[in-house]
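One structure is given here, and the rest of the page talks about it.
Bear in mind these aren't lab numbers, they're just calculated from the coordinates by the rules spelled out. Given the structure is predicted, the values throughout are model-derived calculations rather than measurements. When we count neighbours, we look across all protein chains shown, and the Cβ atoms used for this are built from the backbone with ideal geometry, even at glycine.
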Amino acid sequence: MSHRAVIMKMLEYQRVMLWHSRCNISISMKGNKGFSLVELLVVVAIMSVTAAIAIPTMMATTFHHAKLKSASREIYSALQLARSQAIGSTSDYGVRFNLNVSPAKYMVMKWTGSAWTQDTTFAERAVDSQVNVNDITVDGTNYTSGTTGVIRFDNTGTASSATIHLSSAKDTNDKFTVSVTSSTGRTQIITGW
């Protein structure tokens, strides 16, 4: 670089520095003691808008997941109730679903020796309207509508083989399975299908 070019660069730098000093613009952070009130207010406003957009979305997702989990636990409890009733008596007990109504309903059933009847000591329950009962398999028969076969428990604790697939009405990727193992009567809730 020539001597003339170096001088021109220095003059340009001095002109910029002079302009910055006249406009009260600080190039280095040495004279800057912190943030101004306006800068802080702008940051708070941006964070508030971001939170106002993000929080309802996160809350809705959490709410629907909680509904699905709650419905899974209620069905699990009804199956456990039927199992405990069967173990404590000479009759078989079970749970039957009605998938023709919306929301789906289920009830505890009792074997009377010739037919299944609803055990009236336990009220018929409806699955939460925010939850889809996608399908139910009982002893190898798959049900997507209608009245299902009875998920049966006998007095030894063994049961019908069954799987109940549930999903959130708002997020079909959010899924739970309630399953019953026939040899042991063990009921469990599994995340996913």
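Rounded to the nearest 10 degrees, the angle from helix 3-22 to the longest Cα principal axis of the chain is 70 degrees. Whole-Hz Karplus ³J(HN,Hα) for region 179-192, in order, using 6.51 cos²θ - 1.76 cosθ + 1.60 and θ = phi - 60°, x for Gly and Pro? Working through the residues one at a time gives 10, 10, 8, 5, 5, 10, x, 5, 10, 8, 10, 10, 6, x Hz.
Ser72: net charge of surrounding residues, Cβ under 12 Å, Lys/Arg +1, Asp/Glu -1, itself excluded? That works out to +1.
Under the convention that each Lys and Arg Cβ holds +1 and each Asp and Glu Cβ holds -1, the size of the dipole of the chain around its Cα centre is about 1140 debye. The listed peptides 145-152, 91-98, 131-138, ordered by packing as a protection proxy, come out as 91-98, 131-138, 145-152 (highest mean of other Cβ atoms within 10 Å first).
What fraction, in whole percent, of alpha-carbon pairs in the chain exceed 23 Å separation? Result: 59 percent of Cα pairs exceed 23 Å. Karplus-derived 3J(HN,Hα) values for region 64-69, using 6.51 cos²θ - 1.76 cosθ + 1.60 with θ = phi - 60°, are 5, 5, 5, 4, 5, 5 Hz; glycine and proline are entered as x.
Distant-in-sequence amide contacts of Tyr143, defined by a placed amide H-H separation under 5 Å and a gap of 5 or more residues or a different chain, comprise Ile136, Thr137, Val138. Below 8 Å, C-alpha to C-alpha, sequence gap of six or more: please give me the relative contact order for the chain in percent. In percent, rounded to a whole number, it is 18. Applied to region 37-47, the Karplus parametrisation 6.51 cos²θ - 1.76 cosθ + 1.60 on θ = phi - 60° returns per-residue 3J(HN,Hα) values of 4, 4, 4, 5, 5, 5, 5, 4, 5, 5, 5 Hz, with x for Gly and Pro. Between Met59 and Asn134, the C-beta separation translates, for a Förster distance of 30 Å, into a calculated FRET efficiency of about 0.75.
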